[in-house]
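For reference, the structure is listed below as structure tokens.
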Amino acid sequence: MSVSWTPVALTPDLPPGGAVPVRAPWGELVVWRSATGRLSCFPERCPHRGMRLSHGFVRGEMISCIYHGWRYDTAGQCRKIPAHPDLEPPAAIRVHSYPVAEAGGLIWIAKTLPESAPPETGAEPLRSLVIASPASAVTEAAGVVPGVPGPVSLPDLAAPLILALQDMGEETAVHALITPADSAARIAASRALEAFRRAVEAEEIAA
Amino acid sequence: MILYDYVLSADCYAVRLLAALTGQRLETRAVDFYPGAAEKGAAFRAINPAGTLPVLVDGEVTLAEPAAILMYLATGTSFAAEGASAQEWLARSRHFAAALGGARQHDMLEVPGDIDALRAEGSLWLRILEAALFEAGEEGCGFLLGDTPTIADIAIFPHVALAPDGGVELGAWPRIRLWMRRLRALPGFIEMPGIHRLHDLKPEPGPDYGGAAA
Amino acid sequence: MTRDKRDEWYPVAIAAMLPPARGRDTLLLGEPIRVRAGDSGPQVETAEGRALPVTIAYGHVWTCLGTPGDLFPIPEAAQPGRRLVDVGMVRVKCSPLRAVENFLDIAHFPFVHTDILGSEPHTEVYRYDVRIRDEVDEVWATKVRFYQPQAAKSAEGGIETEYMYRVPHPTCSVLYKTSPPMPGEWDVIALFVQPLTEELCDVWPWMALYDDASSMAEMIQFQQMIFLQDRSILENQIPRRLPLDPGMESPTRADLTSIAYRRWLKRRGYTYGAQLVAA
Ligand code: FES
Ligand SMILES: [Fe+2]
């Protein structure tokens, strides 16, 4: 499962300068975007004292850890240790960098570089939400499997939404996309999605 | 203006924050809420018989409800908001405070409570906020009531930003994250413990390796 | 020398604010205990009703699950002119050892205690001395200097502050820092940590300060503000336990105190809250 792409966010939800925590099947990660728009994906754990890098801050093309300010470039190499401003950090101080890609309005990550690019969706980002049910329950209700965006028809909506599921164990993130629509239709779609979430979670409790 | 204040209170922070954002000077008087429970003592009850914080005293005016204090400070500023939608959010801020604030007091200060129920209730309100921010965004608005921040945002923000103190993580709420970022980037914004400085806004000191990395 | 963790004293309450009759139900090293005000002072007992030894020192009630020795001395506590400040308990989801290690660290000041204990660009940690004083079996760091925008409630403007750090107990640390109103003297700030489990602790900060200007509430809240800034770091370190395996984290010269602390813990065999092998 780790040789394929996992969708982790919608493109507009991670603008330049942002960093978000991501729960991947193989561990906790941070995905961040530099000022010029480059995406990077590292393990959450800062090699210095283990602080979560998603709490850090992005300046220019580097992310800094919030604890002691160690600064990492987009490839994961530590470039600055503020406690020792004149020290060139040793090459050994670096974090692993995972493949990350942007396609079809989604941000995707992978443990190792898959052979093919992530799929296009032909739709525009709507919104992401988390359902407090395992992916199997969401798949059963929606008819799409994690990692493969597909059309899902929801009650009261004229056109199907494209849903990309992200398996997070006990919970499932749903990244929803929509064919171009006006704001009224997009708001209606968001409300339908909320209703879908309530239905899946209620089903869980009943089961 | 005097603010009777407790440094770890989310509602006191909302008042300090609004004053800072609107350039008003507050004289703060620290009340030993914890561990001393001084707000329940006779001396403080002479100021506020209800025994709660924050309390704002401005000449003849004494206010002890967080929403009322925010309205008072916002008068005549761009943060002022009236009407039913503003009232809706000001009232909702009490639910955020009870649930997320309750979880925070439980996890941090050993205050008794049903922690699972508090967190579940807090997550429900975060869902409502996330959906509202999405809908506002569709209308071109970055804040709850429009394209500029108001007391509605200020009343809600502290409880949300401090939710992790009570074990409610904010990783999975993209619109809330972006909204908090916008608020934290406002000129005059101040922090409180649990909400870190947005260091990204400051340039990197010294030789900047930024450009060379690419 | 090694010593069983059960033979150490641990803080469990503020002596001046004893929990009323019902008492405080809490944990010590994973064992349920109850602390309450008895007729002749504080009492602590286990779930089975076994009475535990009690001592009162530095504003706190201390207890021990095994056979206690002497509690470490803080001679400054008895000096006249100091104000003794019970800051109150703050619970943190982290290893008790991580809480102590963070207290020993200065390099985080500009990023975590921004514009109070540190600020960019003053991020450099200068050389300082660290050693394990075998005569007293304590870790000491001396000649620690750092630029601080507002070092204490009583400080006005930035000063270069000097510190000494001392670890006399696996879950307690005492810090001595330049007293802004009394430049020749040291303010004392201590961190007493009650280990509830290996990944959960109650932290009881305590201070003995030269400060006649601030109210008690102001001094308490200054310290609460500082410690709550640390709490959001402590709850987000991975792993939650303190790694004693040197290969797992990357210390630098600024971390000499933490390196000595970890070595001292190993030597004493105090591994409650430690991660021994890389996960
Ligand atoms: S833990 Fe990241 S810089 Fe120290
Ligand atoms: Fe700190």
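So, of the residues in segment C:256-279 that are part of a helix (DSSP H, G or I) and either in contact with an Asp or Glu (Cβ under 7 Å, 6 or more places away or on another chain) or aliphatic (A, V, I, L, M) (or both), which turns out to be surrounded by the fewest Cβ atoms within 10 Å (Cβ to Cβ)? Walk me through it before giving the result.
Residues of segment C:256-279 part of a helix (DSSP H, G or I): C:256-268.
Remaining after also requiring either in contact with an Asp or Glu (Cβ under 7 Å, 6 or more places away or on another chain) or aliphatic (A, V, I, L, M) (or both): C:256, C:258-261, C:265.
Working: C:L256: 19, C:S258: 22, C:I259: 15, C:A260: 19, C:Y261: 25, C:L265: 23.
Of everything passing the filter in segment C:256-279, C:I259 is surrounded by the fewest Cβ atoms within 10 Å (Cβ to Cβ).
Given the structure, is C:Y210 more than 16 Å from ligand 1 (Cβ to nearest atom) and either within 27 Å of C:P110 (Cβ to Cβ) or aliphatic (A, V, I, L, M) (or both)? Quick ask: steps written out before the conclusion?
Numbers: more than 16 Å from ligand 1 (Cβ to nearest atom): yes; either within 27 Å of C:P110 (Cβ to Cβ) or aliphatic (A, V, I, L, M) (or both): yes.
So C:Y210 fits the description; yes.
Would you confirm whether any residue within segment B:64-87 is surrounded by fewer than 16 Cβ atoms within 10 Å (Cβ to Cβ), within 15 Å of B:Y4 (Cα to Cα) and not hydrophobic (A, V, I, L, M, F, W, C)?
Among the residues of segment B:64-87, not one is surrounded by fewer than 16 Cβ atoms within 10 Å (Cβ to Cβ), within 15 Å of B:Y4 (Cα to Cα) and not hydrophobic (A, V, I, L, M, F, W, C), which makes the answer no.
Residues that are touching a helix residue (DSSP H, G or I) at 6+ places or on another chain (Cβ under 9 Å) and away from ligand 1 (no atom under 16 Å from the Cβ): does segment C:69-77 have at least one? First the steps, then the outcome.
Here is the first cut: in segment C:69-77, the ones touching a helix residue (DSSP H, G or I) at 6+ places or on another chain (Cβ under 9 Å) are C:69.
Now drop any that are not away from ligand 1 (no atom under 16 Å from the Cβ), which leaves C:69.
Yes, because at least one residue in segment C:69-77 is touching a helix residue (DSSP H, G or I) at 6+ places or on another chain (Cβ under 9 Å) and away from ligand 1 (no atom under 16 Å from the Cβ).
Can you spot a residue in segment C:226-235 that is free of Cβ contacts under 8 Å to residues at least 60 places away in the same chain and within 14 Å of ligand 1 (Cβ to nearest atom)? I'd like the intermediate steps shown before the answer.
Here is the first cut: in segment C:226-235, the residues free of Cβ contacts under 8 Å to residues at least 60 places away in the same chain are C:232.
With within 14 Å of ligand 1 (Cβ to nearest atom) added as a condition, the list becomes C:232.
Yes, some residue in segment C:226-235 is free of Cβ contacts under 8 Å to residues at least 60 places away in the same chain and within 14 Å of ligand 1 (Cβ to nearest atom).
Considering only residues that are away from every other protein chain (no Cβ under 13 Å) and within 16 Å of ligand 2 (Cβ to nearest atom), which ones fall in segment C:193-227?
C:V193, C:M207
Would you please name the residue that is nearest to the chain's Cα centre (by Cα), looking only at residues in segment A:75-86 that are at the interface with chain C (Cβ under 8 Å from one of its Cβ atoms) and away from ligand 2 (no atom under 16 Å from the Cβ)? Quick ask: steps written out before the conclusion?
Restricting attention to segment A:75-86, the residues satisfying the condition of being at the interface with chain C (Cβ under 8 Å from one of its Cβ atoms) are A:81-85.
From the residues that got through so far, the ones that are away from ligand 2 (no atom under 16 Å from the Cβ) too are A:81, A:84-85.
Details: A:I81: 28, A:H84: 34, A:P85: 33 Å.
Among residues in segment A:75-86 that are at the interface with chain C (Cβ under 8 Å from one of its Cβ atoms) and away from ligand 2 (no atom under 16 Å from the Cβ), the one nearest to the chain's Cα centre (by Cα) is A:I81.
Can you find, within segment C:177-201, the residue that is nearest to the chain's Cα centre (by Cα) among those that are within 15 Å of C:R82 (Cβ to Cβ) and touching a residue at least 60 places away in the same chain (Cβ under 8 Å)?
Taking segment C:177-201 and keeping what is within 15 Å of C:R82 (Cβ to Cβ), we get C:177-182, C:184-190.
Now restrict to residues that are touching a residue at least 60 places away in the same chain (Cβ under 8 Å): C:186, C:188, C:190.
Values: C:W186: 17, C:V188: 11, C:A190: 5 Å.
Top of the filtered list is C:A190.
Within segment A:61-74, take every residue that is within 12 Å of A:W32 (Cβ to Cβ) and in a loop (DSSP other than H, G, I, E, B) and give me the one that is nearest to the other protein chains (Cβ to nearest Cβ). Write out each step before concluding.
The first filter runs over segment A:61-74 and keeps only residues within 12 Å of A:W32 (Cβ to Cβ), leaving A:61-65, A:72-74.
With in a loop (DSSP other than H, G, I, E, B) added as a condition, the list becomes A:61, A:65, A:74.
Details: A:E61: 5, A:C65: 8, A:T74: 6 Å.
Restricting to residues being within 12 Å of A:W32 (Cβ to Cβ) and in a loop (DSSP other than H, G, I, E, B), the top hit is A:E61.
Is it the case that A:S136 is among the small types (G, A, S) and within 14 Å of chain B (Cβ to nearest Cβ)?
Working: among the small types (G, A, S): yes; within 14 Å of chain B (Cβ to nearest Cβ): no.
Taking the combined requirement at face value, the residue does not satisfy it.
Mind checking which residues of segment A:15-27 are in contact with a Pro (Cβ under 9 Å, 6 or more places away or on another chain) and either more than 8 Å from chain B (Cβ to nearest Cβ) or not aliphatic (A, V, I, L, M) (or both)? Step through it out loud before you land on a result.
The initial filter retains those residues of segment A:15-27 that are in contact with a Pro (Cβ under 9 Å, 6 or more places away or on another chain), namely A:20, A:27.
Within segment A:15-27, A:G27 is the sole residue that qualifies.
Among the residues of segment A:28-42, write down those that are within 12 Å of ligand 1 (Cβ to nearest atom) and either surrounded by fewer than 21 Cβ atoms within 10 Å (Cβ to Cβ) or within 13 Å of chain B (Cβ to nearest Cβ) (or both). Let's see the steps before the verdict.
Residues of segment A:28-42 that are within 12 Å of ligand 1 (Cβ to nearest atom), as a first pass: A:30, A:42.
Of everything in segment A:28-42, just one residue is within 12 Å of ligand 1 (Cβ to nearest atom) and either surrounded by fewer than 21 Cβ atoms within 10 Å (Cβ to Cβ) or within 13 Å of chain B (Cβ to nearest Cβ) (or both), namely A:V30.
Has segment A:161-171 got at least one residue that is in a helix (DSSP H, G or I) and either more than 14 Å from chain B (Cβ to nearest Cβ) or surrounded by fewer than 18 Cβ atoms within 10 Å (Cβ to Cβ) (or both)? Step through it out loud before you land on a result.
First, the residues of segment A:161-171 that are in a helix (DSSP H, G or I): none.
The answer is no, given that none of the residues of segment A:161-171 is in a helix (DSSP H, G or I) and either more than 14 Å from chain B (Cβ to nearest Cβ) or surrounded by fewer than 18 Cβ atoms within 10 Å (Cβ to Cβ) (or both).
Tally time: how many residues in segment C:240-255 are within 13 Å of ligand 1 (Cβ to nearest atom) and either outside the structural domain of C:E101 (by TED's automatic domain parsing) or not in a strand (DSSP E or B) (or both)?
Count: 7.
Going through B:I154, B:I128, B:I190 one at a time, which residue ends up being crowded, with 18+ Cβ neighbours inside 10 Å and out of contact with any strand residue (DSSP E or B) (no Cβ under 8 Å at 6 or more places or on another chain)? Outline the logic, then answer.
Numbers: B:I128 fails: crowded, with 18+ Cβ neighbours inside 10 Å; B:I190 fails: crowded, with 18+ Cβ neighbours inside 10 Å.
The match here is B:I154.
If you check A:H55 against the conditions, is it more than 30 Å from A:A195 (Cα to Cα), modelled with pLDDT of 95 or more, within 16 Å of ligand 2 (Cβ to nearest atom) and crowded, with 16+ Cβ neighbours inside 10 Å? Full working, then the answer.
Working: more than 30 Å from A:A195 (Cα to Cα): yes; modelled with pLDDT of 95 or more: yes; within 16 Å of ligand 2 (Cβ to nearest atom): yes; crowded, with 16+ Cβ neighbours inside 10 Å: yes.
When the stated conditions are applied, A:H55 passes them.
Starting from residues that are in a loop (DSSP other than H, G, I, E, B) and of a type in the set (G, A, S), keep the ones in segment C:11-32 and report whichever is nearest to the other protein chains (Cβ to nearest Cβ).
Here is the first cut: in segment C:11-32, the ones in a loop (DSSP other than H, G, I, E, B) are C:18-23, C:29-30.
Still in the running and of a type in the set (G, A, S): C:21, C:23, C:30.
Working: C:A21: 16, C:G23: 13, C:G30: 17 Å.
By that ranking, first place goes to C:G23.
What is the number of the single condition among (1) away from every other protein chain (no Cβ under 11 Å); (2) crowded, with 22+ Cβ neighbours inside 10 Å that B:L8 does not meet?
Only one criterion in (1) away from every other protein chain (no Cβ under 11 Å); (2) crowded, with 22+ Cβ neighbours inside 10 Å is unmet by B:L8, namely (1).
Would you confirm whether or not segment C:104-116 contains a residue that is hydrophobic (A, V, I, L, M, F, W, C), within 20 Å of the chain's Cα centre (by Cα), within 16 Å of ligand 1 (Cβ to nearest atom) and more than 11 Å from every other protein chain (Cβ to nearest Cβ)?
Yes, some residue in segment C:104-116 is hydrophobic (A, V, I, L, M, F, W, C), within 20 Å of the chain's Cα centre (by Cα), within 16 Å of ligand 1 (Cβ to nearest atom) and more than 11 Å from every other protein chain (Cβ to nearest Cβ).
For segment A:43-60, which residues satisfy the criterion of being more than 11 Å from chain B (Cβ to nearest Cβ) and near ligand 1 (Cβ under 9 Å from one of its atoms)?
Taking segment A:43-60 first, the residues more than 11 Å from chain B (Cβ to nearest Cβ) are A:43, A:45-51, A:53.
Matches in segment A:43-60: A:R45, A:C46, A:P47, A:H48, A:R49, A:G50, A:M51, A:L53.
Report yes if A:S4 is in a loop (DSSP other than H, G, I, E, B), out of contact with any Cys (no Cβ under 7 Å at 6 or more places or on another chain) and either away from chain B (no Cβ under 11 Å) or of a type in the set (S, T, Y) (or both), otherwise no.
Yes.
Look at C:Y58 and say whether it is closer than 27 Å to C:D212 by Cβ and not assigned by TED's automatic domain parsing to the domain that holds C:E124.
Judged against the criteria, C:Y58 is a match.
Against the condition touching a strand residue (DSSP E or B) at 6+ places or on another chain (Cβ under 9 Å), surrounded by 23 or more Cβ atoms within 10 Å (Cβ to Cβ) and assigned to a loop (DSSP other than H, G, I, E, B), how does C:I116 come out, does it pass?
Values: touching a strand residue (DSSP E or B) at 6+ places or on another chain (Cβ under 9 Å): yes; surrounded by 23 or more Cβ atoms within 10 Å (Cβ to Cβ): no; assigned to a loop (DSSP other than H, G, I, E, B): yes.
Taking the combined requirement at face value, the residue does not satisfy it.
For segment C:66-75, indicate whether the set of residues that are touching a strand residue (DSSP E or B) at 6+ places or on another chain (Cβ under 7 Å), assigned by TED's automatic domain parsing to the domain that holds C:Y128 and part of a loop (DSSP other than H, G, I, E, B) is non-empty. I'd like the intermediate steps shown before the answer.
As a first pass, look at segment C:66-75 and keep what is touching a strand residue (DSSP E or B) at 6+ places or on another chain (Cβ under 7 Å): C:71-72, C:74.
Narrowing further to those that are assigned by TED's automatic domain parsing to the domain that holds C:Y128: none.
No, every residue in segment C:66-75 fails to be touching a strand residue (DSSP E or B) at 6+ places or on another chain (Cβ under 7 Å), assigned by TED's automatic domain parsing to the domain that holds C:Y128 and part of a loop (DSSP other than H, G, I, E, B).
Go through (1) surrounded by fewer than 16 Cβ atoms within 10 Å (Cβ to Cβ); (2) within 30 Å of C:A13 (Cβ to Cβ) for B:R182 and report which single condition fails.
B:R182 satisfies all of (1) surrounded by fewer than 16 Cβ atoms within 10 Å (Cβ to Cβ); (2) within 30 Å of C:A13 (Cβ to Cβ) except (2).
Residues that are outside any loop (DSSP other than H, G, I, E, B) and of a type in the set (F, W, Y): does segment A:86-105 have at least one?
Scanning segment A:86-105, I find no residue that is outside any loop (DSSP other than H, G, I, E, B) and of a type in the set (F, W, Y), so the answer is no.
C:P121 passes all but one of (1) surrounded by 19 or more Cβ atoms within 10 Å (Cβ to Cβ); (2) modelled with pLDDT under 95; which number fails?
Exception for C:P121: condition (1).
The values are calculated or read from the model by the stated rules, or taken from the named source; none is laboratory data. Only a predicted model underlies this, so the values are computations on that prediction, with no experimental measurement involved. Please note: Cβ atoms are built from the backbone with ideal geometry, for glycine as well, and neighbour counts cover all protein chains shown.
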